[in-house]
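Written out below as structure tokens is the structure these notes cover.
Just so it is clear, none of the values below were taken in a lab; they were calculated from the coordinates. As the structure is a prediction and not an experimental result, all values here were calculated from the model. All Cβ positions, even for glycine, are placed from backbone atoms using ideal geometry, and neighbour counts span all protein chains on display.
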Amino acid sequence: MAQLIYAAITSLDGYVNDSSGNFDWSEPDEQVHAFVNDLQRPMGTYLYGRRLYQTMKVWETMYGQTDLPRVVRDYAELWHQADKVVYSRTLHKAETARTRIEANFDPAAVRRMKTEATADLAVGGAELAGQALAAGLVDQVHLFLSPVIVGGGTRALPHDVRTGLELLDEHTFGNGVVHVHYRVHNGT
């Protein structure tokens, strides 16, 4: 069975954006970006909420461009080759290749996807990931803690979910970002 993996770049105080919705402080340098690319390489499907999808769809326009840095071209290729499922009640038509729109997040459908998938799945967007965590669907969590405190915004992790975690790995980058990788113990 494939695993569902949640990865997010967060502030040290646990937000994916600040109270104004800005996340410019989270832009990865080349070293972090290459590490993220390696994490995303085995993913066959991305599950997104609408807002994150609308942010990420720019990668479709970068696919095939030869004048971009290698790490950016690499991610654009990974993103282009993966299937995308976008959960939205307001989007009715996909704007990128290999993308389908679902009106509602259905935990049973995601369980079936995990069972039938030949590659791991990634869940993106803090709200959607929170729903997946609450449903006991997330198998691993990767957090990239940025050396900044933003004081509020969108939490990377839901406030009303309790589950045990097992630290699998940690890595410190030269720019002060710290990556922590956990296995989720659902139901504990």
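For region 32-122, which GluC sites (Glu not before Pro) are in a loop by DSSP, counting at most 15 other Cβ atoms within 10 Å?
Values: sites: Glu60, Glu77, Glu95, Glu102, Glu116; in loops: Glu95.
Answer in residue order: Glu95.
Backbone geometry of region 137-150 corresponds, through the Karplus equation with coefficients 6.51, -1.76 and 1.60 at θ = phi - 60°, to 3J(HN,Hα) couplings of 9, 7, 9, 9, 10, 10, 10, 10, 8, 7, x, 8, 10, 9 Hz, x marking Gly and Pro.
Here the Karplus curve 6.51 cos²θ - 1.76 cosθ + 1.60, taken at θ = phi - 60°, turns the phi angles of region 158-165 into couplings of x, 7, 10, 10, 10, 7, x, 10 Hz, with x standing for Gly and Pro.
Counting only Cβ charges, +1 for Lys and Arg and -1 for Asp and Glu, the dipole size of the chain around its Cα centre is about 700 debye.
Amide hydrogen proximity for Thr10: with H placed 1.01 Å from N in the peptide plane, the residues at 5 or more positions away or on another chain lying under 5 Å are Phe144, Leu145, Ser146.
Summarising the label geometry, the points placed 7 Å from Cα in the beta-carbon direction at Asp160 and Ala97 lie 4.1 nm from one another. Within the straight-line cut-off of under 23 Å between alpha carbons, the lysines reachable from Lys57 are Lys84, Lys93, sequence neighbours fewer than 8 places apart in one chain being disregarded. Rounded to whole numbers, the Karplus 3J(HN,Hα) couplings from phi for region 41-50 are 3, x, 6, x, 9, 10, 9, 10, x, 4 Hz, using 6.51 cos²θ - 1.76 cosθ + 1.60 with θ = phi - 60°, and x at Gly and Pro.
How about region 140-188: which chymotrypsin sites (Phe, Trp or Tyr not before Pro) there lie in a loop by DSSP and see at most 16 other Cβ atoms within 10 Å?
Numbers: sites: Phe144, Phe173, Tyr182; in loops: Phe173.
Those satisfying the criteria are Phe173.
For region 143-188, what does the alpha-carbon gyration tensor say about shape, rounded, prolate or oblate, given a ≥ b ≥ c as the root eigenvalues, a/c under 1.5 as rounded, and a/b over b/c as prolate? Intermediate results must be reported in sequence, preceding the final value.
Values: a/c = 4.66, a/b = 1.26, b/c = 3.70.
Judged from the Cα gyration tensor, region 143-188 comes out oblate (a/c at least 1.5, b/c at or above a/b).
Looking at region 48-122, the trypsin sites (Lys or Arg not before Pro) that sit in a DSSP loop and have at most 12 other Cβ atoms within 10 Å of their own Cβ are Arg89, Lys93.
What shape does region 4-185 have by the C-alpha gyration tensor, where a ≥ b ≥ c are the square roots of the eigenvalues, rounded means a/c under 1.5, and otherwise prolate means a/b greater than b/c and oblate the rest?
Working: a/c = 1.34, a/b = 1.05, b/c = 1.29.
In terms of gyration-tensor shape, rounded.
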